[in-house]
Structures are given as C-alpha cells and as structure tokens.
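Peer 1: Please read through the structure below; I'll follow up with questions.
The values are calculated or read from the model by the stated rules, or taken from the named source; none is laboratory data. It should be emphasised that the depicted structure is a prediction, and the values quoted were computed from it without experimental measurement. Note that we place each Cβ from the backbone using ideal geometry, even for glycine, and neighbour counts take in every protein chain shown.
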Ligand code: NAD
C-alpha cells in the first residue's frame, strides 16, 4: 500500500519543476493526481508521462471561477478531494525600484491570492471526505529576508500567515494546512534572471565563490527532497501537523558559513 493510497490530490503549477516532482512522488505512493497549470502542452505531457493515475487540467490559480470549475470536475471524475498542494508561483529577480507595480500585483495574485482561492474552494469537497491536507509551497524567502525578491518574499511570508490562520478555522473539519519552505526549486524559475551565471557554470567555466558565505551543507536541496516533505505533510503520517512551517533548505536559513572563521568547512567549488 502506498503512503497516499486511495487519495485524490490536486497539485498546482505541476507542469514542470517542483510541482511535477511532487506529482511524480504522489503517483508513486498511490494517489490519483490532478496536474493543474497554465502551461497546457507541458502539463499534458507531464500527466501523460505519469500514466493513468494522473490527468492534466488547465487552471489559472488567480481565477476563482476556474478553481470552482476544476474542483467540481475533480469531485465528479475522481469522487472527491483529499489533498491540495498550492505550488504554482512566479518570481522576478529585481530591486524594489525595478519591480513595476503591475508585476508586483501579478506576483501577489499568483503566489498569494491563488492559494487563498484554492483553500477556499477546497473546504467543501474536503469536508465531504471528512477532512484533508493542504500544503503551501513557501520558500526560504518566506523564512528570512532576501534582497532582489522583495515582492516575492512578501508573498512567501504571506503563505505562512495564510496557513496558520486557516489552520485555526479548518481544524474543526479535519482539514490540516502546512507550509514547506524550500531554499531551491526549478532552474527554469530563476534562469531568466541568472542566464549569464548559469551558462558559465554549465559550461564548466570556473566561477570563484571562495570568498562568499556558503550554505552549511555545501549544497542546495533537490526537487525530490522538497517532494518528500510535501508527501509527508499530504499523508496521514503527519496527522498532528497543522499550521506548521517545514524548512527544506540544508540549513540555509539558520545562517551562513563564513569563509576563514573557525569551524568553516573548506570551499567545495560551485555555488552552494
Ligand atoms: P517553475 O517556474 O518551474 O514552476 C512554477 C509553475 O507554476 C510553472 O509550471 C508555471 O507554469 C506555474 N504557474 C505560474 N503561474 C500560474 C498560474 N497563474 N496558475 C497556475 N500555474 C501557474 O518553478 P518551481 O521552482 O518549480 O516553483 C514551484 C514553487 O516552488 C513556487 O511556489 C516557487 O515560488 C517555490 N520555490 C522555488 C524556488 C526556486 O529556486 N525555483 C525556491 C523556493 C521556493
């Protein structure tokens, strides 16, 4: 028996990256998974790759009407809803001054309004099943401050508040809601803003990071590690976890290793 056997899950932003990995792990553990995204071709391909236990639906998380239609379809086709993963998100790497009000509003709509609408639309179907689990994918930028992502960071902190306050309201229905706070994700999200650096690293060109503060474990997280934490929170194994923040960051948010200070591991090359 899989850890999600018999459960029906909706994963937003699952056409690629973190969401696709979460969908993969969920299917492997026996869930029926609805891959929801605005990327129709990529989403359909991801669902097809996952086999009969997965299906793609178009969902723009900023639309309340689309949420209602998608969840009604999920209940009709699959018999109910047990798990919602609010994973869809967008990012801009720019200073506050270089982030237009329009772009900031868009980030807030996708990253924060979207999950609010998802939680709101999931209450009735989850109540009908006697409970459920909602997981918001926040970020290390929702645990500490990060420059260059101010609008994004605000939404990722917001997701944690959303989860804690919703947990107080929804616990009475057996609906739990928690946050995963990863320090990494899909390269595709950051690539447009770090194209030059990533190209240099991929081509093997040496990049000198030896003097810069480093992560405690000398590496960043993998998509699988984020998906496994999400799996735990989605499953009944986490039945007492509600309103919590679960960092998956190799120690990134506890501090940085300062080169040259006592106890610092030697630089390992590459960007960690
Ligand atoms: P990604 O860009 O590969 O995936 C995001 C997905 O969300 C895409 O498939 C995209 O099409 C979808 N999406 C965007 N707008 C949408 C909308 N309006 N409706 C539905 N779907 C929409 O990036 P990722 O890293 O896999 O991101 C997944 C989550 O992880 C996001 O919430 C992101 O903020 C978070 N995260 C990412 C990183 C990182 O370094 N990439 C770090 C920490 C947290």
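Table: residues versus (1) in contact (Cβ under 8 Å) with a residue 12 or more places away in the chain; (2) more than 15 Å from residue 247 (Cα to Cα); (3) assigned to a helix (DSSP H, G or I); (4) more than 14 Å from the ligand (Cβ to nearest atom).
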position: 136; (1), (2), (3), (4): yes, no, no, no
position: 159; (1), (2), (3), (4): yes, no, yes, no
position: 180; (1), (2), (3), (4): yes, no, no, no
position: 198; (1), (2), (3), (4): no, yes, yes, no
position: 217; (1), (2), (3), (4): yes, no, no, yes
position: 224; (1), (2), (3), (4): yes, no, yes, no
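Peer 1: Pick out, from the stretch 3-121, the helices (runs of 4 or more DSSP H) lying fully within it that include 2 or more residues that are buried (at least 21 other Cβ atoms within 10 Å of the Cβ) and near the ligand (Cβ under 10 Å from one of its atoms). Don't jump to the end; show me each part of the working.
Peer 2: Details: elements: 17-28, 40-50, 64-78, 101-108.
Because the criterion is at least 2 residues that are buried (at least 21 other Cβ atoms within 10 Å of the Cβ) and near the ligand (Cβ under 10 Å from one of its atoms), the helices (runs of 4 or more DSSP H) in the stretch 3-121 that meet it are 17-28, 40-50.
Peer 1: Examine the stretch 5-24 for a residue that is within 19 Å of the chain's Cα centre (by Cα), in contact (Cβ under 8 Å) with a residue 60 or more places away in the chain and over 19 Å from residue 224 (Cα atoms), and state whether such a residue exists.
Peer 2: Yes, some residue in the stretch 5-24 is within 19 Å of the chain's Cα centre (by Cα), in contact (Cβ under 8 Å) with a residue 60 or more places away in the chain and over 19 Å from residue 224 (Cα atoms).
Peer 1: Pull up the stretch 187-229, narrow it to residues that are modelled with pLDDT of 95 or more and under 15 Å from residue 140 (Cα atoms), then point me to the one that is surrounded by the most Cβ atoms within 10 Å (Cβ to Cβ).
Peer 2: In the first step, residues of the stretch 187-229 are kept if they are modelled with pLDDT of 95 or more; the result is 221-229.
Within this subset, residues satisfying the condition of being under 15 Å from residue 140 (Cα atoms) are 221-223, 225-226, 229.
Working: 221: 21, 222: 14, 223: 20, 225: 16, 226: 28, 229: 21.
Among those that are modelled with pLDDT of 95 or more and under 15 Å from residue 140 (Cα atoms), it is 226.
Table: residues versus (1) without any contact (Cβ under 8 Å) to a residue 24 or more places away in the chain; (2) touching a strand residue (DSSP E or B) at 6+ places or on another chain (Cβ under 7 Å).
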{"residue": "221", "(1), (2)": "no, yes"}
{"residue": "229", "(1), (2)": "no, yes"}
{"residue": "242", "(1), (2)": "no, yes"}
{"residue": "246", "(1), (2)": "no, yes"}
{"residue": "255", "(1), (2)": "no, no"}
{"residue": "262", "(1), (2)": "yes, no"}
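Peer 1: Here is a list: 142, 148. Which entry is within 11 Å of the ligand (Cβ to nearest atom) and within 19 Å of residue 185 (Cβ to Cβ)? Walk me through it before giving the result.
Peer 2: On the way: 148 fails: within 11 Å of the ligand (Cβ to nearest atom).
Result: 142 is the single residue among 142, 148 that is within 11 Å of the ligand (Cβ to nearest atom) and within 19 Å of residue 185 (Cβ to Cβ).
Peer 1: Can you tell me which residues in the stretch 165-186 are out of contact with any helix residue (DSSP H, G or I) (no Cβ under 6 Å at 6 or more places or on another chain) and surrounded by fewer than 21 Cβ atoms within 10 Å (Cβ to Cβ)?
Peer 2: Going through the stretch 165-186, the residues out of contact with any helix residue (DSSP H, G or I) (no Cβ under 6 Å at 6 or more places or on another chain) turn out to be 165, 167-172, 174, 176, 184.
Within the stretch 165-186, 165, 167, 168, 169, 171, 172, 174 qualify.
Peer 1: Give me a count of the residues in the stretch 127-158 that are within 16 Å of residue 233 (Cβ to Cβ) and either at pLDDT below 95 or buried (at least 24 other Cβ atoms within 10 Å of the Cβ) (or both).
Peer 2: Adding up the residues that qualify gives 9.
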